[in-house]
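Report on the structure given below.
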Amino acid sequence: MTLSRSFSNLLAAVASTTLLAVPALAADPIKIGVPVGLSGANSVVAPSVVQSAQLAVDEINAKGGVLGRQLALEVADDASGAAGAQKAFDSLVFQKKVDVLISMETSAARNAGLPIVARGKVPYIYTSFYEGKSCSPFMYVNAWVPEQQVPPIVDYFNKEKGAKKFFLIGSDYAFGRGMLAFTKAYIDKTGGKVVGEEYLPMDGSDWTSIISKLKSTAPDALITSTAGGAPNVTLTKQLRAAGVALPYGNLAVDEGTAKGMGTDAEGIYLSASYVTGIDSAANKTFLAAMQKKFGAELKTPNDLSVPEYEAVYAYKAAAEKAGSTEQAKVLKALGEVSVDGPRGKIDMSKQHHAPLTMYLGQVQADGSVKVIKSFPNVDPGAQCPNLKS
Amino acid sequence: MITLALDIITTAAILFIVSAGLLIVFGVMKIINFAHASFITVGAYAALVASRLGLPPVLAPPLAFLAGGLIGAAAERLVVRRLYGRPLDAILATWGLSIVIGQLVTLAFGREVQFVAAPISGTVMILGEDYSGYRLLMVAAAIVIAALFTGLLNGTRLGLSTRAVIMNETLAQGLGIDSTRVRLITFGIGCGLAAIAGALITPLASVDPNMGLSWLIGAFMLVMISGGSLLTLGLSCFVLGGLQVLASTFISPILGGLTIAVLAAVALRLRPEGFARA
């Protein structure tokens, strides 16, 4: 029984390697796997990510595809977590046999997927900002890490607002603590002082005592890094109800959430590699194309969905540079090509991460985000010293 | 110091508002309504609808009461009525009910966080301290709810029947009191109160399909140790809410979040029947 099963496993393995080795016919589409959190915590943002991918694929296909082949999307739900990601990656890599994976995911889902990516030797472009230092020879990242997001806010508060004393508030989980640990180190390095650092569990909704502490320490500025959605909203509402009017930098807010918070969000500072208000021809063309394709169904493009759009183009550029979809060649080329997109010119040349132009924005009374300052080509720092290029 | 005292008082008031509806259902029917959290959610969405229709914010709580009360009464008629003799099954059934209501809310309004404008914003000066005006308003709201509740129970015919059913249901039935009707109305009022709580906390909370859940365990524990009386509920909100604020302020907000559950477990170990007849 065991013997015959392992024999058939062996057969299957041999069969699949042979299949992989057979060169694809020109008519076969190139498959792009998109494991993404259609359910669970990421379900609010995932539809916008899928829309971005659809637009990129449509545009490329309309112009003749990549190396004469059309692109096809394979979207799989990873349920925003590790268990779902294992299933999603497994089915995309070994059943659908995708040529590349391009997706925005939670850190838990990414970490669960990486071993499967390594087993399948599939190029993987990760398009979500994250806490940094996740390294794999198969993965490239085109979104920001703390080294890129935090300094614009701290520097602005320090130089323009004269802030020396900072208070930090976060949700008690990896991303919240990781972001604030980096923030604290950066504030210390730049001559500021952290006068308080407080966390609430992710499902907590009562920030009363933290807000009282904040008021009693009388800081010059506030920086928060909560989980997205509900904790961010309850904290902001309760801060406003308590009359807190400090310079308020929010590391976890995006334009959509800011709009949802209405007048309470007014004045919040945020730092992102994409805001809809970027004043460039490429961004305007992109937004118009999204509007035309999706109309009333359009989910507002954001800092998590636009990198997905650009990553599809990065794959196109890499495959064309390599002259094939052969995975090892594409992987090498991904670190060498650069693409022009809504966020500007982007290459993933720094230890598989990308220098990015970061925007410091402030939420206006109508919920829109006004760009106050841009910081061109912010370096991601040493994320993966063991990876070449 | 004054801020700390105000934190304690307002926290107790909010806890009281959130758990009052659960208390009335538990007191009369001796079952725990695990759908309490979704009725809080229903109330918050009623406030959302009221603000979208442009109604004045004062009308949001009555509208929420109506919505929560009607849905609650319907749920009693369809589901809960059959389970009075089986309190454990009732917990499961009301938990299921909460999932159904949560999904219906998601279908109608979507999964995302909604925004309801706060009726009053900013702070007021009290005893030399700037304090959130809305939180102070919650203290007044808690007192109004407690007064209405006591008046209803002690000053009306329905209250008399309700108290009779609480004391001895068989005897009450023998005296011609329609206990089925009393239960229907009580469950409706309990759910309506939960919905009022939902409408009242929207300026401090996020409005999303799961918003009620974070309040459920605290409310459940408070009702358990209060043992079914309004006065002891007020007291336990004050004591446990106060300890929660103290733990959050002086130790850590993460421990503060555990205070009510842990202390309630200890209190119930010492006094399983609660403190109502202490």
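How many of the residues in the stretch A:95-126 are in a helix (DSSP H, G or I) and aromatic (Phe, Trp, Tyr)?
Looking only at the stretch A:95-126, we keep the residues that are in a helix (DSSP H, G or I), and these are A:95, A:107-120.
Still in the running and aromatic (Phe, Trp, Tyr): none.
Number satisfying all stated conditions: 0.
Pick from A:98, A:150, A:117, A:141: which is within 23 Å of residue A:310 (Cβ to Cβ), among the β-branched types (Val, Ile, Thr), touching a residue at least 12 places away in the same chain (Cβ under 8 Å) and surrounded by fewer than 24 Cβ atoms within 10 Å (Cβ to Cβ)? Don't jump to the end; show me each part of the working.
Values: A:98 fails: surrounded by fewer than 24 Cβ atoms within 10 Å (Cβ to Cβ); A:150 fails: surrounded by fewer than 24 Cβ atoms within 10 Å (Cβ to Cβ); A:141 fails: surrounded by fewer than 24 Cβ atoms within 10 Å (Cβ to Cβ).
Result of the check over A:98, A:150, A:117, A:141: A:117.
Which of the numbered conditions does residue A:166 fail, given that it passes all the others? Conditions: (1) in contact with a helix residue (DSSP H, G or I) (Cβ under 7 Å, 6 or more places away or on another chain); (2) within 19 Å of residue A:272 (Cα to Cα); (3) in contact (Cβ under 8 Å) with a residue 40 or more places away in the chain; (4) not acidic (Asp, Glu).
Failing condition for residue A:166: (2).
Just one of A:34, A:44, A:66, A:75 is modelled with pLDDT under 90 and crowded, with 18+ Cβ neighbours inside 10 Å; which is it? Break it down stepwise before answering.
Working: A:34 fails: modelled with pLDDT under 90; A:66 fails: modelled with pLDDT under 90; A:75 fails: modelled with pLDDT under 90.
The match here is A:44.
Restricting attention to the stretch B:137-157, and to residues there that are surrounded by 15 or more Cβ atoms within 10 Å (Cβ to Cβ) and modelled with pLDDT of 85 or more, which single residue is farthest from the other protein chains (Cβ to nearest Cβ)?
Narrowing the stretch B:137-157 to residues surrounded by 15 or more Cβ atoms within 10 Å (Cβ to Cβ): B:137-139, B:141-142, B:145-146, B:149, B:153.
With modelled with pLDDT of 85 or more added as a condition, the list becomes B:137-139, B:141-142, B:145-146, B:149.
On the way: B:137: 10, B:138: 10, B:139: 13, B:141: 14, B:142: 15, B:145: 19, B:146: 21, B:149: 24 Å.
The residue in question is B:149.
Is it the case, given these coordinates, that residue B:201 is surrounded by fewer than 22 Cβ atoms within 10 Å (Cβ to Cβ), within 11 Å of chain A (Cβ to nearest Cβ), of a type in the set (Val, Ile, Thr) and within 14 Å of residue B:37 (Cα to Cα)?
Values: surrounded by fewer than 22 Cβ atoms within 10 Å (Cβ to Cβ): no; within 11 Å of chain A (Cβ to nearest Cβ): yes; of a type in the set (Val, Ile, Thr): yes; within 14 Å of residue B:37 (Cα to Cα): yes.
No: the conditions fail for residue B:201.
Considering only the stretch A:183-203, how many residues are in a helix (DSSP H, G or I) and surrounded by fewer than 22 Cβ atoms within 10 Å (Cβ to Cβ)?
Of the stretch A:183-203, the ones in a helix (DSSP H, G or I) are A:183-189.
Checking the rest, the ones that are also surrounded by fewer than 22 Cβ atoms within 10 Å (Cβ to Cβ) come to A:184-186, A:188-189.
Result for the stretch A:183-203: 5.
Would you tally the residues in the stretch B:232-258 being surrounded by fewer than 21 Cβ atoms within 10 Å (Cβ to Cβ), within 14 Å of another protein chain (Cβ to nearest Cβ), free of Cβ contacts under 8 Å to residues at least 24 places away in the same chain and not in a loop (DSSP other than H, G, I, E, B)?
Residues in the stretch B:232-258 being surrounded by fewer than 21 Cβ atoms within 10 Å (Cβ to Cβ), within 14 Å of another protein chain (Cβ to nearest Cβ), free of Cβ contacts under 8 Å to residues at least 24 places away in the same chain and not in a loop (DSSP other than H, G, I, E, B): 5 in total.
Residue B:229 versus (1) farther than 22 Å from residue B:21 by Cβ; (2) out of contact with any helix residue (DSSP H, G or I) (no Cβ under 7 Å at 6 or more places or on another chain); (3) buried (at least 16 other Cβ atoms within 10 Å of the Cβ): which is the lone unmet condition?
Only one criterion in (1) farther than 22 Å from residue B:21 by Cβ; (2) out of contact with any helix residue (DSSP H, G or I) (no Cβ under 7 Å at 6 or more places or on another chain); (3) buried (at least 16 other Cβ atoms within 10 Å of the Cβ) is unmet by residue B:229, namely (1).
Please find, within the stretch A:204-225, the residue that is farthest from residue A:258 (Cα to Cα) out of those that are more than 11 Å from every other protein chain (Cβ to nearest Cβ) and assigned to a loop (DSSP other than H, G, I, E, B).
This residue is A:218.
Give A:171, A:107 a once-over and let me know the one that is hydroxyl-bearing (Ser, Thr, Tyr), crowded, with 22+ Cβ neighbours inside 10 Å and in contact (Cβ under 8 Å) with a residue 60 or more places away in the chain.
Numbers: A:107 fails: crowded, with 22+ Cβ neighbours inside 10 Å.
Of the residues listed, the single one that is hydroxyl-bearing (Ser, Thr, Tyr), crowded, with 22+ Cβ neighbours inside 10 Å and in contact (Cβ under 8 Å) with a residue 60 or more places away in the chain is A:171.
Hey, could you check the stretch A:257-306 for residues that are of a type in the set (Val, Ile, Thr) and either within 14 Å of chain B (Cβ to nearest Cβ) or not in a helix (DSSP H, G or I) (or both) and say which is nearest to residue A:144 (Cα to Cα)? It would help to see each step written out before you state the result.
At the first step, the residues of the stretch A:257-306 found to be of a type in the set (Val, Ile, Thr) are A:257, A:263, A:268, A:275-276, A:278, A:285, A:300, A:306.
Now restrict to residues that are either within 14 Å of chain B (Cβ to nearest Cβ) or not in a helix (DSSP H, G or I) (or both): A:257, A:263, A:268, A:275-276, A:278, A:300.
Values: A:257: 19, A:263: 28, A:268: 20, A:275: 13, A:276: 17, A:278: 17, A:300: 19 Å.
Selected residue: A:275.
Tell me, which residue of the stretch A:150-203 that is within 27 Å of residue B:217 (Cβ to Cβ) and hydroxyl-bearing (Ser, Thr, Tyr) is nearest to the other protein chains (Cβ to nearest Cβ)?
A:199
Quickly run through the stretch B:120-136 and pick out the residues that are buried (at least 17 other Cβ atoms within 10 Å of the Cβ) and under 22 Å from residue B:55 (Cβ atoms). Steps first, please.
Going through the stretch B:120-136, the residues buried (at least 17 other Cβ atoms within 10 Å of the Cβ) turn out to be B:123, B:131-136.
Within the stretch B:120-136, B:133, B:134 meet the criteria.
Would you mind telling me which numbered condition in (1) surrounded by fewer than 23 Cβ atoms within 10 Å (Cβ to Cβ); (2) more than 24 Å from residue A:243 (Cβ to Cβ); (3) away from chain A (no Cβ under 14 Å) residue B:213 fails?
All conditions are met except number (3).
Quick one: is residue B:68 more than 12 Å from chain A (Cβ to nearest Cβ), assigned to a helix (DSSP H, G or I), in contact (Cβ under 8 Å) with a residue 40 or more places away in the chain and more than 29 Å from residue A:259 (Cβ to Cβ)?
Details: more than 12 Å from chain A (Cβ to nearest Cβ): yes; assigned to a helix (DSSP H, G or I): yes; in contact (Cβ under 8 Å) with a residue 40 or more places away in the chain: yes; more than 29 Å from residue A:259 (Cβ to Cβ): no.
Here the answer is no, as residue B:68 does not meet what is asked.
Looking at (1) over 15 Å from residue B:48 (Cα atoms); (2) within 12 Å of chain A (Cβ to nearest Cβ), which is the one condition that is false for residue B:193?
Answer for residue B:193: the failing condition is (2).
Mind listing whichever residues of the stretch B:109-135 are touching a residue at least 60 places away in the same chain (Cβ under 8 Å) and more than 10 Å from chain A (Cβ to nearest Cβ)?
B:109, B:119, B:126, B:127, B:128
The values are calculated or read from the model by the stated rules, or taken from the named source; none is laboratory data. Keep in mind the model is a prediction, meaning the values are calculated, not measured. Glycine also receives a Cβ, built like all others from the backbone with ideal geometry; neighbour counts cover every protein chain displayed.
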